[in-house]
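Asks: Would you mind keeping the following structure in view while I ask a few things?
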Amino acid sequence: MLVSVNWLKDYVNTAVPVQEFCDRMILSGSNIETVQPYGTGFEKIVVAKITKIEKHPDADKLLVCQVDAGQGAPVQIVTSAKNVFEGATVPVVLSGGKIADGTEIGDTQFRGVDSYGMFCSAQEMGYEDKVIEQSVANGIWILPDELKAGTPIQEALGLEDSVVDFEITPNRPDCLSMLGMAREASAVFGTPLKYPETKAKNEQGDVKDFIDVEVKRTDLCPRYTARVIKDVKIGPSPWWMQKRLMHAGMRPINNMVDITNFVMLEYGQPLHAFDIREIEGGKIVVDTAKNDDVFTTLDGTERKLNDTILMINDAKKPIGIAGIMGGLDSEIKEDTETVVLEAANFNKDNIRFSSKALVLRTEASGRYEKGIDANLCEEAADRVCALVEQLGCGTVVGGSIDIYAEKQEAKAVKARVSRINMILDTDLSGEEMKKMLESLEMHVEFEDEDTMVVTPPTVRQDLLIEEDYVEEIARLYGYNVLPETLPGNANVARKTPIQTLREKARDILTAMGLDEVLTYSFVSPKSVDKVGITETDLARRNFVKLINPLGEENSVMRTMVTPSMMEVLATNNAKGNADARLFEIGRVFNNSPINCDGQPVEAEVLCIGLLGSDADFFVLKGMIEELLYLFGVEDVEFRQETQMPMYHPGRAADVFAGDYMLGTFGEMHPDVSERYGIEGRVYTCELVFSTIAGLSNTDILYKPLPKYPSTVRDIALIVDDEVHAGDIRDTILENGGDILEDAELFDVYRGKQIEDGKKSVAFTLTYRSADKTLTDEDVAGVHGQILEALKKEFDANLREM
């Protein structure tokens, strides 16, 4: 928000140097990005009047001008500017002077003719192209005729000003206005806030004789106020208004448009003026568009609409996109005589979605997206009418049409004096706090000695809970004078157990050759579509939605990390990194109603993504096994996964530790990989890191090396294809007695010599005794028991080699 310090003084007298003003505003919580001075950096630029113009005797494109610059004798200036004329009032930098960029101007000869200075454009006075009035954008700055020749330009135009660029957070749309920032400055500097005049004194006629309004979608347009101005005289606005608009980053256009822009900046309420001749039937209808309608906006672009976009229509056709931009045909023209003024309040979410769908963002839509107080509409419309009367550019028609379905009321909140003091470590009295809050136009009553009931102005839509008022007291008291304290009784910083395990996981995974990535927790609700999550999967589709998202692509909290990992893998693949091994330890947010009495649940997950020639199912499985082994997680087993559509059928598994499901891994479905533009195979896993951390046991117990040697037997079994190797291993271990040390799967085979519907699974069985060297007889007995159990349980037969 660009705030002219001189303009701000129309509402509040700060009476301090600009640097002190900025310092104190920063300490009150108003962050500042830049401060732009105006009217500085140039020298010897004065007002001049052109008295005579002649063609250059030796150059067709040059003019020789005689000007009265208040120097006694005329000053000769040679120029190539096309917009100068005899009698024009212009800025001239005299010989020896400087323009805004520091360039010094001296005496010069142009084809034998002397020039003792230079006419100045607005750019040479320090203004950007985007804020310069169109008629002088490519030429010399033509000044008001009433200025006196010879007057220094800073004095004549009142150029000396400082424009402060405040960084306004999304929860403070009230500060996107001069009055909003004046309210902040009033509280900081303890000076009264002066509101502008909003009442026109000479209204004539009745607005209902000119226009009628119908709002069909009050859910999308809570309030619509219309006023009418007749006998309009279109012309330039006065310099004081143009200057304020230019310093606020807006280009002056004409008096009617400038007034609506001026009031928008003043109140933060966007306004729009329609030429009544273009409103057929004398009626405005607020309703959504129809699918595939086409509408030409003020910038001359045809835009395709859909049935979610709110439109301003007349009796027969659309004339504007609500809250975004008006139509080409209804704009104010030079011969406009009667204007319908719109001051409306629109649903912020609808404006944001419509703006994104149309790829059209404007000053008005940017304000509506953040939420605007509906109670501003009437006051802003009245302010426009008062300025129209003040500038003499029209006659205000009496009355207004104001459709306000449900009045917006402020929410009263209880705030405890003791709690505020406890959090801030202060000793402020209730009366001191009341005075601070009242300086921001809040109404404060005491329910008891300790409890304040605070009602903010309706423009403060961010004040909803007690903690919001803690922040208000803190910033008004002064962040710089709050006591410095350590949090709680902490003296020495120590890592929590989960932080230690998180670092351990990072060390393990990087040792495996993986690189860590970080992705946003704010995602698009469509992100789960690309990985094939079904509509019935409520656990992954019931998102936590943001109140003030930056856009639709960042509007919800993610329920899984895999879509983000796939995006990173796709980017690496597109950039030529075809062999990527990545991991992320991040948070997911589940909003399922079965969780914690309907409250969202936050969990930490580990996501791994593999891409490239060396990636396969068993590489990823080995990584998971190694990680869980080093974490001391026991009873780990892998079970076939058949329910997750994002994985390739038959190439995915769920990971369990006893009765706890840790997550799922496998090869991504080819359709999913194709949606991300990846041709090769992709492998991912998503494990619940918080569950792994809870099951971890990183205490290392040492035992002596075995005294006696081991003996190894390999077995290859023919079993039905649907029998899981993990179940076979469990049976082997259960029947191995005290001497079976381990059973490790080393081969699974289907093909020649194996009948259809069968497979061969091969294990290495390791036997060892802690008391003696085992004999063949010792092993044979236990080995036979194992084979019998396998035959009984799975009808397993030894494969003949």
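Asks: Give the residues of region 345-385 that are over 20 Å from Asp219 (Cα atoms), open to solvent by 10 Å² or more (accessible area, probe 1.4 Å) and of a type outside the set (Lys, Arg), sorted by residue number.
Replies: Within region 345-385, Leu358, Val359, Leu360, Thr362, Glu363, Glu379, Asp382 qualify.
Asks: Let me ask something additional. Which pairs have Cβ atoms under 9 Å, sit 6 or more apart or on different chains, and link a residue in region 152-173 that is among the hydroxyl-bearing types (Ser, Thr, Tyr) to one that is open to solvent by less than 40 Å² (accessible area, probe 1.4 Å)?
Replies: Ser162/Ser4; Ser162/Val5; Ser162/Phe21; Ser162/Cys22; Ser162/Tyr38; Thr169/Cys175; Thr169/Asp462
Rundown of residues vs (1) assigned to a loop (DSSP other than H, G, I, E, B); (2) touching a residue at least 40 places away in the same chain (Cβ under 8 Å); (3) open to solvent by 60 Å² or more (accessible area, probe 1.4 Å), yes/no style:
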{"residue": "Val655", "(1), (2), (3)": "no, no, no"}
{"residue": "Leu662", "(1), (2), (3)": "no, no, no"}
{"residue": "Glu667", "(1), (2), (3)": "no, yes, no"}
{"residue": "Gly677", "(1), (2), (3)": "yes, yes, no"}
{"residue": "Lys707", "(1), (2), (3)": "yes, yes, yes"}
{"residue": "Asp714", "(1), (2), (3)": "no, yes, yes"}
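Asks: Still on this structure, please answer the following. I need the full set of residues from region 775-797 which are under 15 Å from Ile739 (Cα atoms), of a type in the set (S, T, N, Q) and surrounded by 12 or more Cβ atoms within 10 Å (Cβ to Cβ), in order please. Let's see the steps before the verdict.
Replies: The first filter runs over region 775-797 and keeps only residues under 15 Å from Ile739 (Cα atoms), leaving 775-786.
In the following step, the residues that additionally are of a type in the set (S, T, N, Q) were identified as 775, 785.
Answer for region 775-797, where residues must be under 15 Å from Ile739 (Cα atoms), of a type in the set (S, T, N, Q) and surrounded by 12 or more Cβ atoms within 10 Å (Cβ to Cβ): just Gln785.
Asks: So is Gly281 open to solvent by 20 Å² or more (accessible area, probe 1.4 Å), on the phi > 0 side of the Ramachandran plot, without any contact (Cβ under 8 Å) to a residue 60 or more places away in the chain and out of contact with any Gly (no Cβ under 9 Å at 6 or more places or on another chain) or not? Break it down into steps so the answer makes sense when it comes.
Replies: Values: open to solvent by 20 Å² or more (accessible area, probe 1.4 Å): yes; on the phi > 0 side of the Ramachandran plot: yes; without any contact (Cβ under 8 Å) to a residue 60 or more places away in the chain: yes; out of contact with any Gly (no Cβ under 9 Å at 6 or more places or on another chain): yes.
Against the criterion (open to solvent by 20 Å² or more (accessible area, probe 1.4 Å), on the phi > 0 side of the Ramachandran plot, without any contact (Cβ under 8 Å) to a residue 60 or more places away in the chain and out of contact with any Gly (no Cβ under 9 Å at 6 or more places or on another chain)), Gly281 qualifies.
Asks: Let me ask you something else. Checking the structure you have, find out if any residue of region 28-43 is in contact with a Lys or Arg (Cβ under 8 Å, 6 or more places away or on another chain), among the aliphatic types (A, V, I, L, M) and either in contact (Cβ under 8 Å) with a residue 60 or more places away in the chain or part of a loop (DSSP other than H, G, I, E, B) (or both).
Replies: Residues of region 28-43 that are in contact with a Lys or Arg (Cβ under 8 Å, 6 or more places away or on another chain), as a first pass: 28-29, 41-43.
From what is left, the residues that are among the aliphatic types (A, V, I, L, M) are none.
Scanning region 28-43 turns up no residue that is in contact with a Lys or Arg (Cβ under 8 Å, 6 or more places away or on another chain), among the aliphatic types (A, V, I, L, M) and either in contact (Cβ under 8 Å) with a residue 60 or more places away in the chain or part of a loop (DSSP other than H, G, I, E, B) (or both).
Asks: Go through Ile32, Ile45 for me and flag whichever is touching a helix residue (DSSP H, G or I) at 6+ places or on another chain (Cβ under 6 Å) and more than 15 Å from Ile142 (Cα to Cα).
Replies: On inspection, the qualifying residue turns out to be Ile32.
Asks: Would you please name the residue that is farthest from the chain's Cα centre (by Cα), looking only at residues in region 344-360 that are touching a residue at least 24 places away in the same chain (Cβ under 8 Å) and not in a helix (DSSP H, G or I)?
Replies: Here is the first cut: in region 344-360, the residues touching a residue at least 24 places away in the same chain (Cβ under 8 Å) are 344-348, 350-358, 360.
Still in the running and not in a helix (DSSP H, G or I): 344-347, 360.
Values: Ala344: 24, Asn345: 22, Phe346: 20, Asn347: 18, Leu360: 16 Å.
It comes out as Ala344.
Asks: If you don't mind, there's one more thing I want to ask. Does at least one position in region 62-74 carry a residue that is assigned to a loop (DSSP other than H, G, I, E, B) and under 21 Å from Arg244 (Cβ atoms)?
Replies: First, pick out the residues of region 62-74 that are assigned to a loop (DSSP other than H, G, I, E, B): 62, 69-74.
If we keep only those that are under 21 Å from Arg244 (Cβ atoms) too, we end up with none.
Looking through region 62-74, none of the residues is assigned to a loop (DSSP other than H, G, I, E, B) and under 21 Å from Arg244 (Cβ atoms).
Asks: OK, next. State which residue pairs qualify: first residue closer than 17 Å to Asp462 by Cα and inside region 535-555, second residue part of a loop (DSSP other than H, G, I, E, B) in any location, beta carbons under 6 Å apart, and separation of 6 or more residues or different chains.
Replies: Here the result reads Leu546/Ser555; Asn548/Pro170; Pro549/Ser555, each pair linking region 535-555 to a residue that is part of a loop (DSSP other than H, G, I, E, B).
Asks: Here's a follow-up. Kindly evaluate Gly106 against the criterion of being touching a Gly at 6+ places or on another chain (Cβ under 9 Å), under 18 Å from Gly158 (Cβ atoms) and open to solvent by less than 70 Å² (accessible area, probe 1.4 Å). Let's see the steps before the verdict.
Replies: Values: touching a Gly at 6+ places or on another chain (Cβ under 9 Å): yes; under 18 Å from Gly158 (Cβ atoms): no; open to solvent by less than 70 Å² (accessible area, probe 1.4 Å): yes.
No, not satisfied.
Asks: Can you tell me which residue among Lys82, Lys98 is touching a residue at least 40 places away in the same chain (Cβ under 8 Å), over 16 Å from Val47 (Cβ atoms), exposed (fewer than 15 other Cβ atoms within 10 Å of the Cβ) and under 52 Å from the mean Cα position of the chain (by Cα)? Spell out how you get there, then give the answer.
Replies: Details: Lys98 fails: exposed (fewer than 15 other Cβ atoms within 10 Å of the Cβ).
Being touching a residue at least 40 places away in the same chain (Cβ under 8 Å), over 16 Å from Val47 (Cβ atoms), exposed (fewer than 15 other Cβ atoms within 10 Å of the Cβ) and under 52 Å from the mean Cα position of the chain (by Cα) holds for just one of Lys82, Lys98, which is Lys82.
The values are calculated or read from the model by the stated rules, or taken from the named source; none is laboratory data. Computed from a predicted structure; not experimentally measured. Please note: Cβ atoms are built from the backbone with ideal geometry, for glycine as well, and neighbour counts cover all protein chains shown. With ligands, DNA and RNA removed, areas are computed over all heavy atoms of the protein, side chains included. Shrake-Rupley method; radii C 1.70, N 1.55, O 1.52, S 1.80 Å.
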